[in-house]
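Engineer: The structure that follows is given in the form of structure tokens.
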Amino acid sequence: LQGTTNIEQAYVHARWAMAAAKLRPERYTLNTDLEYLVANRGDRVKVLHDITMWGLHSGRIKNRLLSNVLELDEAVYLETGKTYNIRIRNNTGQSNTFTLQAVTTEWYDTISLAVSTTETQADAGMLFMLGEVGQESADLIITSIEPLDKGNARITLADYSPLIYDINY
């Protein structure tokens, strides 16, 4: 709490730091391309990563065939008996989540959604993350961004915990 001269302010900062240490024990580091430019330190982000098993597939929508049928840029493997969500980030940066219709175990390059979408919600070129319901991505907070060469960056993240903001100081 270097530089803090007010005892009440020091108390608030100390409580927040203790809550963050308890509720955000893990740190994750990943490398990214120019996508890092849309986020800042302290932002809450959705992350899909195969090592931590957050989500199953990510990519771009290749084509919008119908209001509830999307062609993906590559095939995804889906299993019978599981319910899947797809999170689509539109051109304004807003993301929407949609549930997929029931599937049989196989590879799909065309998926059907349970509801219709508008072109602003799902269209060709938009990014998507796909996974089981509630597991298509993880909520994390950016703790640091380290620019690297050629437009890449190393991002350090911590678990998002809304309880940190609910603590009665």
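The values are calculated or read from the model by the stated rules, or taken from the named source; none is laboratory data. Note that this is a predicted model, so its numbers are computed, not measured. Glycine also receives a Cβ, built like all others from the backbone with ideal geometry; neighbour counts cover every protein chain displayed. Surface accessibility is based on the protein's heavy atoms, side chains included, excluding ligands, DNA and RNA. Shrake-Rupley method; radii C 1.70, N 1.55, O 1.52, S 1.80 Å.
Engineer: Would a scan of segment 116-135 turn up a residue that is assigned to a strand (DSSP E or B), in contact with an Asp or Glu (Cβ under 8 Å, 6 or more places away or on another chain) and surrounded by fewer than 18 Cβ atoms within 10 Å (Cβ to Cβ)?
Structural biologist: Looking for residues that are assigned to a strand (DSSP E or B), in contact with an Asp or Glu (Cβ under 8 Å, 6 or more places away or on another chain) and surrounded by fewer than 18 Cβ atoms within 10 Å (Cβ to Cβ), one finds none in segment 116-135, hence no.
Engineer: Tell me which residues, restricted to segment 13-53, are in a helix (DSSP H, G or I), surrounded by 15 or more Cβ atoms within 10 Å (Cβ to Cβ) and at pLDDT 85 or above.
Structural biologist: none
Engineer: Considering only segment 69-101, state which residues are farther than 17 Å from residue 56 by Cβ and either modelled with pLDDT under 90 or not hydrophobic (A, V, I, L, M, F, W, C) (or both). Give the steps one after another, and end with the answer.
Structural biologist: Within segment 69-101, the subset farther than 17 Å from residue 56 by Cβ is 69, 71, 90-94, 96.
71, 90, 91, 92, 93, 94, 96, listed by residue number.
Engineer: Sticking with this structure for a sec: Considering only residues of segment 56-73 that are open to solvent by 50 Å² or more (accessible area, probe 1.4 Å), part of a strand (DSSP E or B) and in contact with a Gly (Cβ under 7 Å, 6 or more places away or on another chain), which is nearest to residue 125 (Cα to Cα)?
Structural biologist: Checked segment 56-73; the qualifying residue nearest to residue 125 (Cα to Cα) is 60.
Engineer: For residue 89, which of the numbered conditions (1) in contact (Cβ under 8 Å) with a residue 24 or more places away in the chain; (2) charged (D, E, K, R); (3) loosely packed, with under 12 Cβ neighbours inside 10 Å; (4) under 25 Å from residue 140 (Cα atoms) fails to hold?
Structural biologist: The one condition residue 89 does not meet is (3).
Engineer: Of the residues 143, 117, which is touching a residue at least 24 places away in the same chain (Cβ under 8 Å) and more than 13 Å from residue 87 (Cα to Cα)?
Structural biologist: Values: 117 fails: more than 13 Å from residue 87 (Cα to Cα).
Exactly one of 143, 117 is touching a residue at least 24 places away in the same chain (Cβ under 8 Å) and more than 13 Å from residue 87 (Cα to Cα), namely 143.
Engineer: Taking residue 111, is it under 30 Å from residue 25 (Cβ atoms) and surrounded by 12 or more Cβ atoms within 10 Å (Cβ to Cβ)?
Structural biologist: Criteria not met by residue 111.
Engineer: I'd like the full set of residues that are in a loop (DSSP other than H, G, I, E, B) and either open to solvent by 40 Å² or more (accessible area, probe 1.4 Å) or within 30 Å of residue 24 (Cα to Cα) (or both), limited to segment 93-108.
Structural biologist: Within segment 93-108, 93, 94, 101, 102, 104, 105 qualify.
Engineer: OK, next. All but one of (1) touching a strand residue (DSSP E or B) at 6+ places or on another chain (Cβ under 9 Å); (2) among the acidic types (Asp, Glu); (3) within 24 Å of residue 35 (Cα to Cα); (4) exposed (fewer than 15 other Cβ atoms within 10 Å of the Cβ) hold for residue 149, so report the exception by its number.
Structural biologist: If we test residue 149 against (1) touching a strand residue (DSSP E or B) at 6+ places or on another chain (Cβ under 9 Å); (2) among the acidic types (Asp, Glu); (3) within 24 Å of residue 35 (Cα to Cα); (4) exposed (fewer than 15 other Cβ atoms within 10 Å of the Cβ), just (1) comes out false.
Engineer: Before we move on, is residue 139 open to solvent by 40 Å² or more (accessible area, probe 1.4 Å) and either more than 25 Å from residue 31 (Cα to Cα) or in contact with a helix residue (DSSP H, G or I) (Cβ under 7 Å, 6 or more places away or on another chain) (or both)? Walk me through how you get there before you give the answer.
Structural biologist: Details: open to solvent by 40 Å² or more (accessible area, probe 1.4 Å): yes; either more than 25 Å from residue 31 (Cα to Cα) or in contact with a helix residue (DSSP H, G or I) (Cβ under 7 Å, 6 or more places away or on another chain) (or both): no.
When the stated conditions are applied, residue 139 does not pass them.
Engineer: In contact (Cβ under 8 Å) with a residue 12 or more places away in the chain and touching a Ser or Thr at 6+ places or on another chain (Cβ under 8 Å) - does that describe any residue in segment 104-111?
Structural biologist: Looking for residues that are in contact (Cβ under 8 Å) with a residue 12 or more places away in the chain and touching a Ser or Thr at 6+ places or on another chain (Cβ under 8 Å), one finds at least one in segment 104-111, hence yes.
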